[in-house]
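Take a look at the structure below.
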Amino acid sequence: MLSTFETRLDRRETGPETGQFLSAFAELYGTVERSLYAERVKGGTRNELKRDFQRRFGINARQFNSVWTGLDGKIRARKEGYKREREELESKIRRAKKDISKAQKKTESFVVHQKKRRLIGLGHRLERVKEAMKRDIPPLCFGSKKRFRAQFDGREHSGWLGKWRKARSSQIYLVGSKDETAGCQVCQLTRVAGQLVLNIRVPSALQERFGKGVSIPIPAFKYGQDVIDAALESNALRAQFKRKDMQQEHGTDLYKDLGRALTYRFVHDKKGWRILVSVEREKASIIKVSREALGGIGIDINVDHVALVDMDRHGNPVHTMRIPWNTRGKSTGQSLALTRDVAKQIVTYAREREKPIIHERLDFKQKKRDLKTAGENRRLSSFAYSTLISAIQACAFREGVETFSVNPAYTSVIGRVKFARRYGLGSHQAAALAIARRHFRFNERVPMRPAPVFFGRYHVTFWPLEKMAGEHVWKRWARVNRNLQRQIASVRRSSPTRSSGLGDELDCSPAQAVAGSP
């Protein structure tokens, strides 16, 4: 697993020269990156551009490779963003068409007109996204669109150009390789008299001002220093065993299993320069503590909480938890801190029980389909959802807890119908149990007897459907889900007190739901 650790430069120890060098290097890096993007749009090949850029901008081959790799990452991220945006727009268009047909039946001409205007706007946005997806190199805005559009705001226009240029030249990305000395040829981390020192090779375009190399003392990493030290030691052993005398004594292939790449990113923000080091953790150092023979921990991620169910080896729940996770109204840093705390709480529980964690395979499209209101969709963003799963996987990897992902198809309806009433679980906890059982391949057969199914403060009766020949069990569950949704819609329409739209958010047990059911 690739892990990234961070530290921040101390201005009192580094001095103003270090800041001047990093600013000049970042400006050069940003110029090369934007020029390379323009040439790639024109269709230039890597080898041709590599030779040309080395001459034009005074950089070496490894520095060019770093710029190319960083730009590749931005291009891939933009393409994935377009795919996600297209899917969301298509989903909104389908929903808008349904809303228009419903409004036309009620002869609400003004509402129909406004919804048609919105539908046309969504169609135009979808066409623009499809046109952008046809390009091999999608359009990019260096420095972010938000800062670019600030020039049109009268309140932000003063000093805009300087801020814009600073934002476009605020990062340096130096890619490493385990074949290179200390894991990176252009930036090497060493320890001198107990002090960590970064030795950076200066591009030839800046050597007249700063010399051929710059050494920067940096503080120790608050987290991950042991991982970085292990990587440096592995790289030193790789260099030692690559010597001819060592190969003759110990074999020629021993060094191939040693060495790890260290990739460096320098980021400038309001407080100064941050240094982020990415390194792959060594699998041999992780001791596995989880055992599938004991059962598993199923989790269901929701808008404001995570439902956790501890399942034994027979598929029965032995303990449930509801972990609050509400990132609404919080800053990015606050949301990230809360997400990591939730992940640590989940992994700590799993480690104590010595059981693996089972979660839904990352399918945000399906997750948003399960949410009923626009407010829920806004509150559970794709970034927050993927960040929580990544945090759980990273924390579990460090603690030696295994994680598994399963297809999330119909886990909510399976939990409601089969397990909620049987075990007295809430709807989300029942879904978490269905997720855990799916990994262990317990049966998901549709029940053959009628039973009450609870939707918040409403309940309807589940009636078994006739089984069709050759029908997959998930197709049958799809028919069950459609039937239940029709019933609950009918109950809500006939209820004297209309629902507030929060019925499906409630995570109460069937016993609690009966008291408030109509």
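For the reader, a short list of remarks on this structure follows.
- Tilt relative to the chain, helix 61-105 - C-alpha long axis, 0 to 90 degrees, to 10: 20 degrees
- Beta bridges per DSSP, both residues in the chain: antiparallel share near 90 percent.
- Listed candidates (1) 27.0; (2) 33.1; (3) 24.5 - label of the one calculated as mean projected area of the Cα convex hull in nm²: (2)
- C-alpha center-to-center spacing [the range 187-212, the range 33-94] in angstrom: 27 Å
- Contact order normalised by residue count of the range 75-233, Cα under 8 Å, 6+ apart, percent: 13 percent
- Modelled label positions at A61 and F442, each set 7 Å beyond Cα in the direction of Cβ, lie 5.8 nm from each other.
- Put simply, the amide H of I358, placed in the peptide plane, has neighbours under 5 Å in I297, G298, I299, F404, leaving out anything fewer than 5 places away on its chain.
- Around F440: net Lys/Arg minus Asp/Glu count, Cβ-Cβ under 10 Å: +3
- Ligands, DNA and RNA left out, the 1.4 Å accessible surface of the range 104-244 is 51% carbon and sulfur atoms.
- Degrees, to the nearest 10: 473-494 long Cα axis against longest axis of the chain: 60 degrees
- Helix axis angle, 332-353 relative to the chain longest principal axis, alpha carbon, degrees: 70 degrees
- Placing unit charges on the Cβ atoms only, positive for Lys and Arg and negative for Asp and Glu, gives the range 394-505 a dipole magnitude near 440 debye about its Cα centre.
- Taking the Cα centre of the range 1-57 as origin and assigning +1 to Lys and Arg Cβ atoms and -1 to Asp and Glu Cβ atoms, the resulting dipole is close to 320 debye.
- For the range 162-238: relative contact order, % (alpha-carbon pairs under 8 angstrom, 6 or more apart): 22 percent
- Separation of the range 290-321 and the range 476-491, taken as the distance between their Cα centroids, equals 27 angstrom.
- Burial ranking of peptide ranges 214-227, 39-52, 289-302 (average Cβ count within 10 Å, highest at the top): 289-302, 214-227, 39-52
- Counted charge near C395, where neighbours are those whose Cβ lies closer than 13 Å (Asp, Glu -1; Lys, Arg +1): +2
- Note on E108 and V197: with the Förster distance fixed at 56 Å, the Cβ-Cβ geometry gives a FRET efficiency of about 0.20.
- Estimated at 0.36 nm per residue, the fully extended path between I120 and E39 surpasses their Cα-Cα distance by 25.6 nm.
- 3J(HN,Hα) from dihedral phi, the range 208-221, Karplus parametrisation 6.51/-1.76/1.60, rounded to Hz, x for glycine, proline: 5, 8, 10, x, 7, x, 10, 9, 10, x, 10, x, 5, 6
- Close amide H pairs (under 5 Å, H built 1.01 Å from N) link H305 with W325, residues at least 5 positions away or on another chain.
- Surface accessible to a 1.4 Å probe, per residue, for the residues of the chain, Å²: 56 Å²
- Projected label distance in nm at R165 and W474, using a 7 Å step from Cα toward the beta-carbon: 5.5 nm
- Sequence ranges 186-198, 343-355, ranked by mean other-Cβ count within 10 angstrom, highest first: 343-355, 186-198
- 28 Å Cα-Cα threshold exceeded, pairs from K79/K166; K79/K145; K146/K212: K146/K212
- ³J(HN,Hα), Karplus 6.51/-1.76/1.60, whole Hz, each residue of the range 183-196, x for Gly, Pro: x, 6, 7, 8, 8, 10, 9, 10, 10, 10, 6, x, 9, 6
The values are calculated or read from the model by the stated rules, or taken from the named source; none is laboratory data. Just so you know, these numbers come straight off a predicted model, no measurement behind them. Virtual Cβ from ideal backbone geometry, glycine too; neighbours counted across all protein chains shown. In case anyone asks, the SASA skips ligands and DNA or RNA and just uses the protein heavy atoms, side chains included. Shrake-Rupley method; radii C 1.70, N 1.55, O 1.52, S 1.80 Å.
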